Amino acid sequence: MKQYSMNENRSFEPAENVVAGINAVTELLKSGRSVDKIFIADKARDAAYQQIIQLAKENGVPFFRADKGKLDSLSAGVIHQGVVALSAGVQYVSIADILAIAAKRNEAPFLLIADKINDPHNLGAMIRCAEGAGVHGIIISKRHCVGITPVVSRSSAGAVSHMAIAKVTNLSAAIDQLKENGVWVYGAEADGTSLYQTDLTGASAFVLGSEGAGLSQKIKEKCDFLLSIPMYGKVNSFNVSTAAAVILCEAARQRNH
């Protein structure tokens, strides 16, 4: 089984089937996704680890005790807190699948689109925010965007195991597909209309751009509306994951009132 991949800088990082950390592994087991096996630190005996063991037993997942060296090797530097799971890999979905989730819930589609998000901690935090806000699915690009790595999974506090994620070749084409299905596309930009003066109650997808450059010009031109978050201090913007939390929570508030 492949456990490691090599990035563009030729440094090793764990493959997408590795999930590390207490919350991430716990939520993975709760999600019903296929899990091959779990490794738990030899001396890990408190309640959090006992819960993982119980969930593993209930799901028929074999678990093994392992020393720190084994866990460090499996996680390839990701903070594992004494527990690592080997799953069947990330189960990406299609855009149609995400729209079907919304239809099944009898709700207007609610999506997040990540445009060139390269920091795994930011993407993980965005996934956590999206899951908490009730987003039906997230769209990421195969190129110029971090994938669902173990760092992303851990940074999401396990939310990635409960979120439908589509990984697309062409983000512009994905936006066109959403528009064809009646979804309005909102881009987050500093020069946009105030978030709090915009109706966000309908079928909607929110695009957030890279940490440094913001939305790419092509994607910006694809958006139906541009939104901004009013700033009251001396800094002129939020971190992208913080911006995602503000925007998605406001959209969720409007949708549920």
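The values are calculated or read from the model by the stated rules, or taken from the named source; none is laboratory data. Keep in mind that what you see is a predicted model, and the values were worked out from it rather than measured. Note: ideal-geometry Cβ built from the backbone for every residue, glycine included; neighbour counts use all protein chains shown. The accessibility values were calculated without ligands, DNA or RNA, using every heavy atom of the protein model including side chains. Shrake-Rupley method; radii C 1.70, N 1.55, O 1.52, S 1.80 Å.
Structure data summary
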| quantity | calculated |
| --- | --- |
| Every residue from segment 148-190 that is aliphatic (A, V, I, L, M), in a strand (DSSP E or B) and closer than 16 Å to A205 by Cα | I165, A166, V168, V185, A188 |
| Selection status of E131, of a type in the set (D, E) and at pLDDT 95 or above | yes |
| Which numbered condition S34 fails, given (1) closer than 21 Å to E131 by Cβ; (2) in contact with a helix residue (DSSP H, G or I) (Cβ under 9 Å, 6 or more places away or on another chain); (3) open to solvent by less than 80 Å² (accessible area, probe 1.4 Å) | (2) |
| Of all residues in segment 150-189 being open to solvent by 30 Å² or more (accessible area, probe 1.4 Å) and of a type in the set (V, I, T), the one that is modelled with the lowest pLDDT | V151 |
| Some residue of segment 24-42 being closer than 30 Å to G202 by Cβ, in contact (Cβ under 8 Å) with a residue 60 or more places away in the chain, outside any strand (DSSP E or B) and out of contact with any Gly (no Cβ under 6 Å at 6 or more places or on another chain) | yes |
| Given (1) within 13 Å of L71 (Cα to Cα); (2) of a type outside the set (A, V, I, L, M); (3) modelled with pLDDT under 85, index of the condition F39 fails | (3) |
| Test: residue in segment 94-115 that is within 21 Å of N170 (Cβ to Cβ), among the β-branched types (V, I, T) and modelled with pLDDT under 95 | no |
| Only listed residue being among the hydrophobic types (A, V, I, L, M, F, W, C), within 21 Å of the chain's Cα centre (by Cα) and under 15 Å from C129 (Cβ atoms), chosen from A243, A173 | A243 |
| Sole exception among (1) part of a strand (DSSP E or B); (2) touching a helix residue (DSSP H, G or I) at 6+ places or on another chain (Cβ under 9 Å) for C145, by number | (1) |
| Entirely in segment 63-140, the strands (runs of 3 or more DSSP E) that have 3 or more residues that are more than 16 Å from V207 (Cα to Cα) and either in contact (Cβ under 8 Å) with a residue 12 or more places away in the chain or open to solvent by less than 70 Å² (accessible area, probe 1.4 Å) (or both) | 63-66, 83-87 |
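Conditions tested, residue by residue: (1) in contact with a Lys or Arg (Cβ under 6 Å, 6 or more places away or on another chain); (2) within 27 Å of N106 (Cα to Cα); (3) in a strand (DSSP E or B); (4) open to solvent by 60 Å² or more (accessible area, probe 1.4 Å).
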residue: K218; (1), (2), (3), (4): no, no, no, yes
residue: L227; (1), (2), (3), (4): no, yes, yes, no
residue: K234; (1), (2), (3), (4): no, no, no, yes
residue: S237; (1), (2), (3), (4): no, no, no, yes
residue: A245; (1), (2), (3), (4): no, yes, no, no
residue: C249; (1), (2), (3), (4): no, yes, no, yes
residue: A252; (1), (2), (3), (4): no, yes, no, no
